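Remarks on the structure that follows.
Here, each number is a calculation from the coordinates, and none is a lab measurement. Predicted model, so just to flag it, every value in this text is computed and none were measured. Note: ideal-geometry Cβ built from the backbone for every residue, glycine included; neighbour counts use all protein chains shown.
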Amino acid sequence: MPQFTSDGLDLAYDEFGPSDARKAVVLVHGFSANKYENWKRMGWYDAIAAKGMRGLALDNRGHGESAKPHEPEKYAREAMARDVFALMDHASLSRAHIVGFSMGSHIALTAALLDGGRVDHLVVSGVGARLFELPRDPDGMAKAMEAPTPDEIADPMLKSFRHFADEQKEDRLALAACSRGPRMPLTPDSLMGVRRPTLVIAGMRDQLAGPPQGLADAIPGARAVTVPGCDHFSLISHGLFKASVFDFFDGWLE
């Protein structure tokens, strides 16, 4: 299992596609998922390799085969964004496309704000206008991960995340800490600082994300794609998602 070290933590990653490719892509998965479930199983590794690009995907701290601290302060979004750059350093990459999904999109946006010069094209998916809304219960996800059983979780969306975490045999206390981690506020004003070509993608039925155009409007020059018939969880495997990303990389959506 390939690993790199960031902020004193051992983090797992996969590499795929030609190692000498001119373009590279870093994939950043969502909350309670991992690099295999979010990307490899959904065909992204093969698709990126088939396009002749070098691909990298990490298990975010607290997830998959990476270190799983139980302290919320270890999950600051800025630290998780720096993990992406640490992986790029490990792979001797000065620049790369970054593709995030859900929580991975929050990490990718934070990375672009911290050091946009290392980002070629930015794709944020599974996010939209609701990025700017405050959650009804900011601690709800953490409490769902700490609940003795999923049956005790009333909110259907939180229950679905808990079921998914259980299916993946993730460390629920690490996920609770991740959910409570400090984060850089992402606001329409702050996102004016994203100066990289950006694509925002969400499913038409994604109630967690909201319309992608509402987020794209806050990022200078960003484009939005709505994938019909998809909710938050079915977007990742949809062929139109992949096609839109590769068209964007090729310059067709800019």
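General remarks:
- Within-14-Å neighbourhood charge of residue 234 [Cβ basis; K, R +1; D, E -1]: 0
- The GNM of the chain, with springs linking C-alpha atoms under 10 angstrom apart, assigns the highest mean-square fluctuation among 104, 193, 128 to 193.
- Neighbour counts of other Cβ atoms within 10 Å put 71, 65 in the fewest-to-most order 71, 65.
- The chain: calculated mean residue ellipticity at 222 nm from DSSP helix runs of at least 4, using -39500 (n - 2.57): -9000 deg cm²/dmol
- Which label in [x] 17.9, 54; [y] 20.2, 70; [z] 16.8, 50 gives the computed Rg and Dmax of the Cα atoms in Å: [z]
- Using θ = phi - 60° and Karplus 6.51 cos²θ - 1.76 cosθ + 1.60, couplings along segment 132-147 (whole Hz; Gly, Pro as x): 8, 8, 7, x, 4, 10, x, 9, x, 5, 4, 5, 5, 6, 8, 4
- Put in line by how crowded their Cβ is, counting other Cβ atoms within 10 Å and starting with the fewest, 16, 101, 161 read 16, 161, 101.
- For the chain, built as a Gaussian network whose Cα springs stay under 10 Å, the top-fluctuating residue of 156, 220, 69: 156
- Local charge for residue 18 was computed over the other residues whose Cβ lies under 15 Å away, with Lys and Arg +1 and Asp and Glu -1, and equals 0.
- Calculated from backbone phi, Karplus (6.51, -1.76, 1.60) coupling profile of segment 56-62 in Hz, x at Gly/Pro: 9, 9, 10, 8, 4, 3, x
- Cα-Cα over 21 Å, subset of 23/242; 68/169; 51/242; 74/159; 68/143; 40/159: 74/159; 40/159
- Net charge over other residues, Cβ less than 9 angstrom from the Cβ of residue 153 (K, R count +1; D, E count -1): 0
- DSSP assigns beta bridges within the chain; of those with both partners inside it, close to 25 percent run antiparallel.
- Residue with peak Gaussian network fluctuation, the chain [Cα springs, cutoff 10 Å], from 133, 146, 167: 133
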